[in-house]
Amino acid sequence: THSLGNAVAWYFANQNCPFVFRCINRLDHNTSGLTIIAKHPISGSILSSMVKSREIRREYFGIVRGTVSPPSGTITAPLGRKPGSIIERTIDFENGESAVTHYRTVAEQNGHSLVELHLETGRTHQIRIHMKYLGFPLIGDSLYNPDMEWIGRQALHSHRLKFFHPITRKPMEFTAPLPADMLHVLSPGS
């Protein structure tokens with residue numbers, strides 16, 4: 001219940017259409033925004049290959065406390081599992097997998113910064129760990145920064161996806177506006 005997979009399965013079941021859930025770019029639990037779901041196995045296979053070859057541009061918005069310094073840059077720090085945990089990840093320069101995140105500050109309000117993040121790689125919890133490594137963890141992140149004063153989940157939103165259609169090769173771009181809980185953090189007078 002309350003999962004995207006179940007919602008999509010219900011949608012197709014009500015149309016008497018067979019459906020297999022093929023989520024191409026998964027989002028961390030409690031991250032809002034855009035994701036790609038393939039309706040056909042061939043499209044799903046092509047899109048999965050496009051993710052691996054970095055042909056799908058993924059951009060996120062995150063909110064951190066304070067003024068990000070430097071205001072833009074690239075974080076290159078390999079990620080691995082945190083010893084003793086099956087969920088948490090950590091920076092691991094010896095055994096971690098390559099991870100690259102580009103960022104830039106978009107706005108500052110109420111002692112917080114709205115940061116746009118572009119993933120070059122897509123490791124589990126990549127943005128969450130990279131921003132913490134930079135010294136500006138996402139607010140509301142119960143796993144890596146339980147700063148729940150302003151929001152009840154990690155302030156992370158998948159706001160733009162750009163890619164070529166897997167069959168027609170037509171350029172496609174989708175955007176999703178910031179959700180209300182993140183807008184509230186940045187609203188004057190909050």
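The values are calculated or read from the model by the stated rules, or taken from the named source; none is laboratory data. Please read all numbers here as calculations on a predicted model, not as lab measurements. Using ideal geometry, Cβ is built from the backbone for each residue, glycine included, and neighbour counts are taken over all protein chains shown. Please note that ligands, DNA and RNA were not included when accessible areas were found on the heavy atoms of the full protein model with its side chains. Shrake-Rupley method; radii C 1.70, N 1.55, O 1.52, S 1.80 Å.
Which residues, taken from region 112-133, are part of a loop (DSSP other than H, G, I, E, B) and either at pLDDT 95 or above or aromatic (Phe, Trp, Tyr) (or both)? Please lay out each step first, then the result.
Residues of region 112-133 part of a loop (DSSP other than H, G, I, E, B): 120-125.
The one that is part of a loop (DSSP other than H, G, I, E, B) and either at pLDDT 95 or above or aromatic (Phe, Trp, Tyr) (or both): His125.
Could you tell me whether Phe136 is open to solvent by less than 60 Å² (accessible area, probe 1.4 Å), assigned to a loop (DSSP other than H, G, I, E, B) and closer than 16 Å to Ala155 by Cβ?
In short, yes.
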Could you check Arg54 against (1) among the basic types (Lys, Arg); (2) at pLDDT below 95; (3) closer than 30 Å to Ser187 by Cβ and say which number it fails?
(3)
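Is one or more of the residues making up region 164-181 assigned to a strand (DSSP E or B), modelled with pLDDT of 95 or more and within 22 Å of Arg89 (Cα to Cα)?
No, region 164-181 contains no residue that is assigned to a strand (DSSP E or B), modelled with pLDDT of 95 or more and within 22 Å of Arg89 (Cα to Cα).
Answer yes or no as to whether Ala180 is open to solvent by less than 60 Å² (accessible area, probe 1.4 Å), over 21 Å from His130 (Cβ atoms) and of a type in the set (A, V, I, L, M, F, W, C). Show your work before the answer.
On the way: open to solvent by less than 60 Å² (accessible area, probe 1.4 Å): no; over 21 Å from His130 (Cβ atoms): yes; of a type in the set (A, V, I, L, M, F, W, C): yes.
Against the criterion (open to solvent by less than 60 Å² (accessible area, probe 1.4 Å), over 21 Å from His130 (Cβ atoms) and of a type in the set (A, V, I, L, M, F, W, C)), Ala180 does not qualify.
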Pairs where the first residue, in region 38-66, is farther than 30 Å from Gly152 by Cα and free of Cβ contacts under 8 Å to residues at least 40 places away in the same chain and the second is assigned to a strand (DSSP E or B) and open to solvent by less than 20 Å² (accessible area, probe 1.4 Å), C-beta under 9 Å, 6+ apart:
Gly44/Ala38; Ser45/Ala38; Ser48/Ala38
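His130: open to solvent by less than 60 Å² (accessible area, probe 1.4 Å) and under 15 Å from the mean Cα position of the chain (by Cα), yes or no?
Working: open to solvent by less than 60 Å² (accessible area, probe 1.4 Å): yes; under 15 Å from the mean Cα position of the chain (by Cα): yes.
Answer is yes for this residue.
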Which residue pairs have Cβ atoms under 9 Å apart, sit 6 or more places apart or on different chains, and have a first residue in region 157-182 that is over 29 Å from Gly140 (Cβ atoms) and a second that is of a type in the set (A, V, I, L, M, F, W, C) and open to solvent by 80 Å² or more (accessible area, probe 1.4 Å)?
Pro166/Ile42; Ile167/Ile42; Lys170/Phe164; Pro171/Phe164; Met172/Phe164
